[in-house]
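The values are calculated or read from the model by the stated rules, or taken from the named source; none is laboratory data. Since we're looking at a predicted model, the values are computed, not measured. Counting neighbours? That spans all protein chains shown, and the Cβs are built from the backbone with ideal geometry, glycine included. Ligands, DNA and RNA are stripped out before the accessible areas are found, and what is left, the full protein with its side chains, is counted by its heavy atoms. Shrake-Rupley method; radii C 1.70, N 1.55, O 1.52, S 1.80 Å.
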Amino acid sequence: MTQLDTEWVRAQFPAFSEPSLQGQAFFENAGGSYTCQPVIDRLFRFYTQRKVQPYAPYEASRLGGEEMDEARTRMAAILGVAPDELSFGPSTTQNTYVLAQAFAQLMEPGEAIVVTNQDHEANSGPWRRLSDRGIEVREWRVNAETGALDPEDLESLLDEKVRLVCFPHCSNVVGQINPVVEITALAHAAGAFVCVDGVSYAPHGFADVGALGPDIYLFSAYKTYGPHQGVMVIRRPLAELLPNQGHVFNADSLYKRFTPAGPDHAQVAACAGMADYIDAFHAHHIGGDAPAAERGTAVHDLMRAHETALLQPLLDEVRARNSVRLIGPSKAEGRAPTVALALNRNAEEAAAALAEHGIMAGGGDFYAGRALTAMGVDLDKGVLRLSFTHYTTKAEIDQLLTALDVVL
């Protein structure tokens, strides 16, 4: 198929047949997506049939361990990396914090890292705290008008002292998709490692991390139709260089080195349901045999095409209003369907008003206060954020536009 079959897609998500949610259109997907049926099925099976300590020789334990390994192996294949280069943790925030502690042990006082003020706090705060260890923190700043990051500005920050460059695949308020390949190449040429926060991008299609080239790529499974787990890719050369942060007896296991606490076994196993969904999506829309990373890319492209077509009318509607400031680009190509609006009123109150029209959205700073402040947004008012993903329909966009006419 050349177009996304929304009827088939929505049939894979129980939320769309849930009576209590009928008539409501979900536009807070940047905060967390609906969960697909394969994930729910795997989670239920694990809790009812496998809820024992995994990897022991008895049947329930053996099967539980196999399902956990299946999740890591299949998701790694979709992301284009080796199975032991992918690990799970309780959240992306926690995963980033653990990585920051590892870099603190690796780096020497006087060495530097680069962070942005476009980031969600999870991929900024833990790295900025390294200044307490004598590490220099350099800030790659957004354009105050557009919210964009200019790679030329990064070049001026790079020198032989920089060991790590951290930036988002796309911001959770600006929405613009950053050129990961270009930025990674700049950082690597300067001798620095690269950490990409993919939390706001991954809900719109899994990236081929192997092709993009960063050393670290992080995202949250609860925003990609799965359970509440953080998914973390650390490529082998860096993972072997960084000091072990896990138990001493796990030091030789690449995917256990950066998860000090044991993961939630059931939720890890349930993450294989995300791979089930991608495979079923590919089979329904495209068909044929292809390597996992190619299937993931094909699904990604179809999701993005659908989202882009729905996004432009929304951008046109809000851009035309004098009382609204659209944060980020006004063209759907090159941005995620995460639309933040600065209003002349409190954004949380606007979100509450939209709820009366069956629109589920949010207002606030969304832990992106640095970016919004840099762009002159009043944090007391915050922004109204309207975010959707590939299971959103044109009818829901029309419902949103009608509600905006009333509320704005």
Roughly how many Å² of Y201 are accessible to a 1.4 Å probe, to the nearest 10? 20
Student exercise, the chain dipole from Lys, Arg, Asp, Glu Cβ charges, in Debye to nearest 20: 540
Can you give the accessible area per residue of the range 263-321, in Å², using a 1.4 Å probe? 35
Over the range 1-78, with the other protein chains present, what is the accessible area per residue in square angstrom, probe 1.4 angstrom? 53
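Order Y277, Y367, Y255, Y58 by their accessible area, 1.4 angstrom probe, all chains in place, largest first. Mind dumping the intermediate values first?
Details: Y277 0, Y367 155, Y255 60, Y58 110 Å².
In descending accessible area the options line up as Y367, Y58, Y255, Y277.
What ranking do 343-353, 244-254 get when scored by the average of other Cβ atoms within 10 Å per residue, highest first? Walk me through the numbers before you get to the answer.
Working: 343-353: 17.6, 244-254: 13.9.
Ranking the peptides 343-353, 244-254 by packing returns 343-353, 244-254.
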Max mean-square fluctuation residue, GNM over the chain, Cα-Cα springs under 10 Å, options P57, P14, P260: P57
Residue-averaged [θ]222 nm for the chain, counting only DSSP H segments that reach four residues, each worth -39500 (n - 2.57): -12000 deg cm²/dmol
Can you pull the accessible area of W8 for me, 1.4 Å probe, Å² to the nearest 10? 50
Accessible surface of the chain [probe 1.4 Å, protein heavy atoms]: carbon and sulfur percent: 50
Could you compute how much accessible surface R141 exposes when probed at 1.4 Å, giving the result in Å² to the nearest 10? 150
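Cross-chain or 8 or more residues apart, Cα under 27 Å: how many lysine pairs in the chain fit that? Count them up, please. Write out the running numbers ahead of the final one.
On the way: K51/K223; K51/K256; K223/K256; K223/K331; K223/K381; K223/K394; K331/K381; K331/K394.
Pairs that pass both the separation and distance tests number 8.
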